[in-house]
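Asks: Structure provided below as structure tokens; questions to follow.
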Amino acid sequence: MTKKVSVPSMTEMLQTHMVKELLADYPRELVVDCFRKVTAASRKQQLESGDKAKTLDCLLSEAKKMIAKAYQPTLKKVVNATGTILHTNLGRSKLPSDLKEQLLNVAFHFTNVEYDLETGQRGSRYEHLEKLLITLTGAEAALVVNNNAAAVLLSLSALASGKEVIVSRGELVEIGGSFRIPEIMKLSGCDLKEVGTTNKTYASDYERAIDEEQTGLLMKVHRSNFTISGFTESISLKELKTVADAAELPLIYDMGSGTLIELDKYGLRKEETVSGALRDGADIVTFSGDKLLGGPQAGIIVGKKEFIDQMKQHQLTRALRIDKLTIAMLEGTLRQYLDEEKAIQTIPALHMLTVSESVLKEKAETLFNSLSHLNEADITLTRGKSQVGGGSMPEQELSTWIVSVKPKKISVTEFAFRLRQGESPVIGRIHSDRYLLDVRTIEKEEIELISEKVTEILAF
Ligand SMILES: *Cc1c(COP(=O)(O)O)cnc(C)c1O
């Protein structure tokens, strides 16, 4: 005997008032598709699990939720409660809020991105950035592409394709699981020539590897996301420059993060600056726009004009070219650096990096006090450590304050899952079966939202 199932017909559903309203807001195909899905699911439940038929209202409301969810942008803002400042999965840098007006201007209007307003002729999109980069780094010339991986690819392709590139074995890094120096080298048509060992590389290793015919350039790579300790030896940029000069070879330096300011002035570990690297002899320096610089995703190339000119002529530059929104946001970010004290305050990445522990403590206390009355969880206020992230400053310790939550009725993974749902997902960390909210990356304005969300989840 066949079981009896009951689901409303599509015609019946499409005639309801709610559907007419939905059709005004959403594409018809999406509405029809979602109704098909909810009726099919109900039919299946009736057949397989013997569930009762759902009412028309119930199906309509299920479909409405499904439609709204399907129509939401999948890319949305989230609250970063991980404490990791440059979290690659969460978009690395937030831009300075001063740039909002400029973003709207450039996004919703025509612009002079490649138009020279003086002459009325075609202009270059790179000019908007080059002067500022020269001012800020002391370089002779500059060029910007899509990201630092692209910057390295272009530098190698333009300057050493078909030649050997000499790199220390201790610097053959992989970043974020997809950027590997040996792979980029292959892609650019260069032959990687590894010298030294993982922990020790001397000037003589480079000297012995140089071949007058074959060698195209020497390359140094910043060990961004790892450290080698113990018996180590690596040669400084200055020493490497001496080797490069003796052989009349260009020296390029992939700095990865690349900072424009001396971070040790703000109580952080000493990091070489981009201008310092150029002064020490790098002919070309490449670095990211969205790591320590705190701007949009971009790959910045600065250095000797003769080499940058070669890159400007290269076909890859066209393929790796940056969008006008990136230009506008990078220009805006770089402009902040003209006044370093201001940059520290307005560039979110720098602000989060240099914020004092007392400010963090105060913020953590506000969050803690808004939650401490809840009985459904064990909630504590503790000290902790934040990370810089984004393959930057792996040795930098950052003391922070953390609100730690151990829910009593649900598991910590379920708690984390629920925090990730809805309009404003909150992303924290799980450690030793507790949920950690590190206030370093949380804005004051986000505390109320977190507090409401946690309260609602625990009370449910
Ligand atoms: C991060 C990093 C890269 C890749 O930069 P993206 O901007 O993410 O493409 C390349 N080299 C080094 C040393 C890095 O740290």
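No lab work stands behind these numbers, since they all come straight from the coordinates. Keep in mind the model is a prediction, meaning the values are calculated, not measured. We place every Cβ from the backbone using ideal geometry, glycine too, and count neighbours over all the protein chains shown.
Asks: Using only the alpha carbons of the chain, what is the convex hull's orientation-averaged projected area in square nanometres?
Replies: For the chain, averaging the hull's shadow over all directions gives 30.4 nm².
Asks: Are there chymotrypsin sites (Phe, Trp or Tyr not before Pro) in region 93-159 that DSSP puts in a loop and that have at most 14 other Cβ atoms within 10 Å, and which ones?
Replies: Sparse-neighbourhood loop chymotrypsin sites (Phe, Trp or Tyr not before Pro): 108, 110.
Asks: Turning to a different aspect of this structure: Return the long-range amide H neighbours of residue 191 (sequence gap of 5 or more, or a different chain), with a cut-off of under 5 Å between placed amide H atoms.
Replies: 162, 163, 164, 165
Asks: In whole Hz and in residue order, list the ³J(HN,Hα) couplings for region 39-51 that follow from phi through the Karplus curve 6.51 cos²θ - 1.76 cosθ + 1.60, θ = phi - 60°; x for Gly and Pro.
Replies: Per-residue couplings from phi come out as 5, 5, 5, 5, 4, 5, 5, 5, 6, 8, 10, x, 5 Hz.
Asks: Obtain the radius of gyration and the Kirkwood radius of region 10-71 from its C-alpha atoms and give Rg over Rh. The partial results should precede the final answer.
Replies: Numbers: Rg = 11.6 Å, Rh = 11.8 Å.
Reported Rg/Rh, Kirkwood definition of Rh: 0.98.
Asks: Which of 419, 204, 307 sits farthest toward the positive end of the charge dipole of the chain, with +1 on the Cβ of Lys and Arg and -1 on the Cβ of Asp and Glu?
Replies: It is 419.
Asks: Quote the charge dipole size of region 10-71 about the Cα centre in Debye, to the nearest 20; the model charges only the Cβ of Lys and Arg (+1) and of Asp and Glu (-1).
Replies: 120 debye
Asks: I've got another one for you. Less than 13 Å apart at the alpha-carbon level, and either on another chain or at least 8 residues along: which aspartates and glutamates does that give for residue 20?
Replies: The qualifying aspartates and glutamates are 12.
Asks: With the cut-off at 31 Å, tell me which of the pairs 186/238; 100/220; 193/291; 76/406; 4/65; 69/453 have Cα atoms farther apart than that.
Replies: 100/220
Asks: Can you give the extra length, in nm with one decimal, that the chain gains between residue 107 and residue 305 once fully stretched, where that is 0.36 nm per residue apart less the Cα-Cα distance?
Replies: 68.1 nm
Asks: For region 129-319, what is Rg from Cα atoms divided by 2.2 N^0.38 Å, rounded to two decimals?
Replies: 0.96
Asks: If you don't mind, there's one more thing I want to ask. Around residue 400, with a cut-off of 11 angstrom between Cβ atoms, what is the net charge of the other residues, counting Lys and Arg +1 and Asp and Glu -1?
Replies: Taking every Cβ under 11 Å from that of residue 400, the sum is +2.
Asks: Could I ask something else about it? Could you tally the net charge around residue 93, taking each other residue with its Cβ under 13 Å from the Cβ of residue 93, Lys/Arg +1 and Asp/Glu -1?
Replies: +2
Asks: Hey, got a sec? Which GluC sites (Glu not before Pro) in region 16-74 land in a DSSP loop and have at most 10 other Cβ atoms within 10 Å?
Replies: Values: sites: 21, 29, 48, 62; in loops: none.
Sites meeting the loop and neighbour criteria: none at all.
Asks: Using a 10 Å cut-off on Cβ atoms, rank the peptides 284-295, 260-271, 68-79 from the highest mean neighbour count down.
Replies: The packing order, highest mean first, is 284-295, 260-271, 68-79.
Asks: For the chain, what is the calculated [θ] at 222 nm in deg cm²/dmol (nearest 500), taking -39500 (n - 2.57) for each run of four or more DSSP H residues and dividing by its residue count?
Replies: Details: 19 runs with 192 residues, N = 460.
Value at 222 nm, helices only, nearest 500: -12500 deg cm²/dmol.
Asks: Sticking with this one: For residue 448 and residue 30, calculate 0.36 nm times their separation in residues minus their Cα-Cα distance, and state this gained length in nm to one decimal.
Replies: On the way: separation 418, 0.36 × 418 = 150.48 nm, distance 3.49 nm.
Result: 147.0 nm gained on full extension.
Asks: To the nearest 20 debye, what charge dipole does the chain have about its Cα centre, counting +1 at the Cβ of each Lys and Arg and -1 at the Cβ of each Asp and Glu?
Replies: I would put it at about 2140 debye.
Asks: Run the quick spin-label model on residue 424 and residue 37: label points 7 Å from Cα toward the beta carbon, then report their separation in nm to one decimal.
Replies: About 2.7 nm separates the two model spin labels.
Asks: Along the charge dipole of region 10-152, pointing to its positive end and built from +1/-1 on Cβ of Lys, Arg, Asp and Glu, which listed residue (110, 16, 81) has its Cα farthest out?
Replies: Value computed over the given set: 16.
Asks: Which of the listed residues, 287, 53, 382, is farthest toward the dipole's positive end in the chain, when Lys, Arg count +1 and Asp, Glu count -1 at the beta-carbon?
Replies: My answer, from the dipole projection, is 53.
Asks: Here is a further query. Given the peptides 360-369, 190-199, arrange them by the average over their residues of other C-beta atoms within 10 Å, most packed first.
Replies: 360-369, 190-199
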